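One structure is given here, and the rest of the page talks about it.
Please treat every number below as a calculation from the coordinates, not as lab data. Quick caveat: nothing in here was measured; it's all calculated off a predicted structure. Here the Cβ is made from the backbone with ideal geometry for all residues, glycine too, and neighbour counts use every protein chain on show.
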Amino acid sequence: MTNFIKDPVVMMAERNPDPVFSNDELVFSDQEKRLIERWKSQYPTVDGAIMRVLWLAQEKFGFLPPEVIRLTADEVGIPYANAYGVATFYTQYYKKKRGKHVLDVCTCFSCQVCGGYDILHYLESKLGIHVGETTDDGLFTLQEVECLGACGSAPMLQVTNGRYVMDLTHERVDALIDTLRKGKTPEFTSVTLPQDEDELGGNRRSDVKEFQASSPRPVSETVR
Amino acid sequence: MAKITIDKTIFEFEGDQPSLLQFCLDREIELPHFCYHPAMSAPANCRQCLVEIGNPERDRETGQIMVDEEGNEVIRFFPKLMTSCSENISDGLVVRTQRSSDLVRRAQKDNLEFLLINHPLDCPICDQAGHCPLQNQAYKYGPEGSRFEFRKVSKPKHIRLGPRVVLDAERCINCTRCTRFTSEISKSHQLTIVERSVKNYPMTPPGIEFDEPYSMNVIDICPVGALTSEDFRFKARVWEMSSTPSITTTNAKGSNCYYWVKDNRVLKITPRTNMNVNEFWLADDDRLDYERFNDDRPPGPTVDGEASSWEDGYARAAHILGNVDGNRIAFLGSAHASVEDNYLLARLAEKLGTAAPMYIEHVEVGSGDDWLRTDDRAPNASGCARLGFTVADADLFGPRLKGGEIDVLYVLEDDPVSTGLCTSDDLHGVSVILHHYNESNQTLPLATVSLPAATVVETVGTFVNIDGHAQRVRPAKAIRGVNRTLAMEIGRSRADQHGTPFDRWYNEENLINCQPGWVSVPGVANALGLDMPTTNPKAIMAELASTNSAFEGATYSAMGEYGIRLSEIGETV
Ligand code: SF4
Ligand code: FES
Ligand code: FES
């Protein structure tokens, strides 16, 4: 967000981009179609299903160029313009091609104070890219995001709209990148909150393997 | 009866009611608002129409309305302000608007400050300035200044959304009226709001052009200058033009409109609300149909292709008509001309012992839709039919001309050659008397006498639309020469929302040397020595309304600004 505050310019999106996918590629399989039909029946009006179908399309095609958005709209049976409005509203829908792993580093208030930017800059130098860019090998895209609701375990990041990696340190970031490079998904580590430790005897989740007990939050280098 | 109290005034109501905002507006209680439009759903996203709303408090045990020591009902107000556009009214409701509540005044002011944070304030170069709801309401209800000290967000500017509509995204306040228009009213689904928060703006999705035939309606409903007309951009400021209520004539719907005139040139056409005809809307064709009023106009009457005076034109026409047998004359009325003009033509034909005029049909199959455009591309075919005129048949008409059955063809405001009723060859040896609007009229080169006719923006008259709705037109601009009826009508009908008296209308530029049919047809008749008083159109309609059942009740006062629905032909009332 920092750049946008200094230089608040909204660029015009391209109005007639060349399609990325051919017509042959732009199809849902029978199985996907059945799934879509089921979702459509779960809402009072079919519009409701568009978010799930966009999600499905993103998993299938990797990202959502206009022709894919149009495909989802046709499949759900709503106007293309409406689907496009929804797809551009949510930043989690990727309108441009991203790296295999998208690292969404939180730099919102709590994470910022606890070193969100330190983590971001560490990743920038480690991966050799700037925020918003993708590594040459197409593996990583680095992004800055607003609060992801895990402030208690700040600083944190999210991997490709999925796994949260919390309580970040340089070592943890190194380990994360190694794991991802090996093609593995990082194990989810539950970081407990102070009150869990103090009052609830740990309050461990029964569905998670890895735990880390709450510790005092770090303080950003810049704040220090 | 149910009652509602607004700023201490009690209003009674019965039955279903619109939203609180509309209820207030209908009673001339102004509430500032942007996103609400009476024809569309209310998303309540601009937050400008906030009011305080309360209900009488009831005793929990008895269910009785509680009263204080002075006997007044105790009102429990909602803790937060409510948007009046999305509020239904119910019995006993108590409302405080900005007229009586400091809280509401403060909220409206703060809301406007927010709306203006990223607004470019480029009113000096904005087409909307002068009739801009944001400008007006900021002036009336807004803060004196802004406390925002950062750079405003820059967004895409002068983007052609389609061939006729230009977007300036910085001015947009994201009310979504334009996108709701395309999804709820025109159903073209060509617009959506893209992106989010300070970055959002209305746009077509990639690969789509905003080219639907009703696209320009979003220009009027946009409460700021974000959407402007490609055609009209930067041509004139609103306060430099006068606007006249009238109807459009590209088809048989007779959509109600305003003609905007500067220096006797029509510069733009905008819709005028008439719930019986076009509601709030106007087709793009109708809006862009103004150049023919300004350009391509004849310099004056001609006789044998030479410029002549009006008197000489009338005299020559009379000479031609007076020297042939009545049944060797053919009269063509016109679906472009008013009922009055056609009626006078019928009177002339009758006096000469000629069969009733026929008229040319201008149907282009497929050019219409189920909404405001009809296949019939002329405004008054119904009027002609109600006068008893029949449609001229090209299969019969050409051969009759060619066969030498007709010596004189008298054409009122139409073009038999370009419409294919006959060919130029067919007219060989036929004397043609032609009332015409434009120089490009293809019958004009063959006319013995040509009499330039006043167009719909220069005359007074009545048109009957495809549904039998009879409506008046009023002169939006002056013609050359003096005509008391026209001058009076111009003065009476100018709904100048912005101008001052005695400007623009009467400058001498761009005046066209033409005459309304109700002047020139009697002109010819009188030159023939026939008794046809040069009467005014109002008197003609009064006569028709009382003598011809097809026009029963269609007097000028009854038609007023919104017209009246005539009964079906043949139906007795
Ligand atoms: S362009 Fe105008 S009508 Fe459309 S959302 Fe913006 S302010 Fe509203
Ligand atoms: S501020 Fe980073 S998760 Fe809330
Ligand atoms: S008019 Fe009520 S919120 Fe916009």
| note | For region A:11-60, the Cα convex hull volume per residue in Å³ comes to 118
| note | DSSP beta bridges in region A:101-213: the antiparallel percent, rounded to 5, is 40
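Could you please rank B:126, A:147, placing first whichever residue has the fewest other Cβ atoms within 10 Å of its Cβ?
With the fewest neighbours first, B:126, A:147 line up as A:147, B:126.
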| request: Mind jotting down the three principal axis lengths of the protein assembly as shown based on Cα atoms? Whole angstrom, largest first. | output: 117, 79, 49
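For region A:70-224, what is the Kirkwood hydrodynamic radius in Å, using each pair of distinct C-alpha atoms? Walk me through the numbers before you get to the answer.
Details: mean 1/r = 0.0587 Å⁻¹.
Computed over Cα pairs of region A:70-224, the Kirkwood hydrodynamic radius comes out at 17.0 Å.
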| Using a simple charge model, +1 on the beta-carbon of Lys and Arg, -1 on the beta-carbon of Asp and Glu, nothing else, what dipole does chain A show about its Cα centre, in debye to the nearest 20? | 300
| message | Just want to confirm a number: the relative contact order over chain B, from Cα pairs under 8 angstrom separated by 6+ residues, in percent. | response | 11
| By how many degrees, between 0 and 90 and to the nearest 10, does the Cα long axis of helix A:30-41 differ from the longest principal axis of chain A? | 80
| query | Cα extents of region B:123-229 along the three principal axes, largest first, in whole Å? | reply | 41, 26, 24
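Can you give the Kirkwood hydrodynamic radius for region B:2-115, in Å, rounded to one decimal and based on Cα pairs? Walk me through the intermediate numbers first.
Working: mean 1/r = 0.0671 Å⁻¹.
Averaging 1/r across every pair of different Cα atoms and inverting gives 14.9 Å.
What number in nm² do you get for region A:88-149 if you take the convex hull of its Cα atoms and divide its surface by four? All intermediate terms of the calculation are to be shown ahead of the outcome.
Working: hull surface 17.5 nm².
One quarter of the hull surface, i.e. the mean projection, equals 4.4 nm².
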| task | Among B:36, B:141, B:548, pick out the residue whose Cα is farthest towards the positive end of the charge dipole of chain B, where Lys and Arg carry +1 and Asp and Glu carry -1 on C-beta, about the Cα centre. | result | B:141
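Please identify the GluC sites (Glu not before Pro) of region B:329-396 that satisfy two criteria: DSSP loop assignment and at most 15 other Cβ atoms within 10 Å. Which are they?
In loop regions of region B:329-396 (DSSP not H, G, I, E or B), the sparsely surrounded GluC sites (Glu not before Pro) are B:364.
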| task | Restrict the search to region B:14-108; then list the chymotrypsin sites (Phe, Trp or Tyr not before Pro) that DSSP places in a loop and that have at most 16 other Cβ atoms within 10 Å of their Cβ. | result | none
| Which ordering of B:458, B:87 is given by a fewest-first count of other beta-carbon atoms within 10 Å? | B:87, B:458
| field | log₁₀ of I(q)/I(0) at q = 0.21, 0.22, 0.23, 0.24 Å⁻¹ - region B:519-573, Debye sum with one point per alpha carbon | value | -0.80, -0.83, -0.86, -0.89
| task | Any chance you could check the Cα centroid distance between region B:137-212 and region B:24-63 for me, in angstrom? | result | 25
| query | Taking the Cα centre of the protein assembly as shown as origin and charging only Cβ (+1 Lys, Arg; -1 Asp, Glu), how large is the dipole, in debye to the nearest 20? | reply | 1660
| task | Quick one: P(r) of region A:30-89 from all Cα-Cα pairs, 10 Å bins, percents rounded to integers, in order of increasing distance. | result | 26, 60, 15
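Based on Cβ point charges of +1 for Lys and Arg and -1 for Asp and Glu, what charge dipole magnitude is obtained for chain B about its Cα centre, in debye rounded to the nearest 20? Write out the running numbers ahead of the final one.
Details: 57 positive and 81 negative charges, 368 e Å.
Magnitude of the dipole: close to 1760 debye.
A 21 angstrom limit on the alpha carbon distance is what I want to check against. Which of A:126/A:182; A:6/B:155; A:95/A:184; B:140/B:235; A:100/A:126; B:109/B:140 exceed it?
Working: A:126/A:182 17 Å; A:6/B:155 15 Å; A:95/A:184 25 Å; B:140/B:235 28 Å; A:100/A:126 17 Å; B:109/B:140 9 Å.
In this structure, A:95/A:184; B:140/B:235 exceed 21 Å between Cα atoms.
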| task | Please report B:37, B:435 as a ranked list, fewest other C-beta atoms within 10 angstrom at the top and most at the bottom. | result | B:37, B:435
| Counting other Cβ atoms within 10 Å of each Cβ, which trypsin sites (Lys or Arg not before Pro) in region B:1-49 have at most 16 and sit in a DSSP loop? | B:8, B:27
| Roughly speaking, what is the centre-to-centre gap between region B:294-346 and region A:26-57 when only Cα atoms are used, to the nearest Å? | 68
| field | DSSP-defined antiparallel bridges as percent of all bridges, chain B, nearest 5 | value | 70
| query | Rounded to the nearest 5, what % of the DSSP beta bridges within the protein assembly as shown are antiparallel ones? | reply | 65
| So how many Å³ per residue does the convex hull of the Cα atoms of chain B work out to? | 190
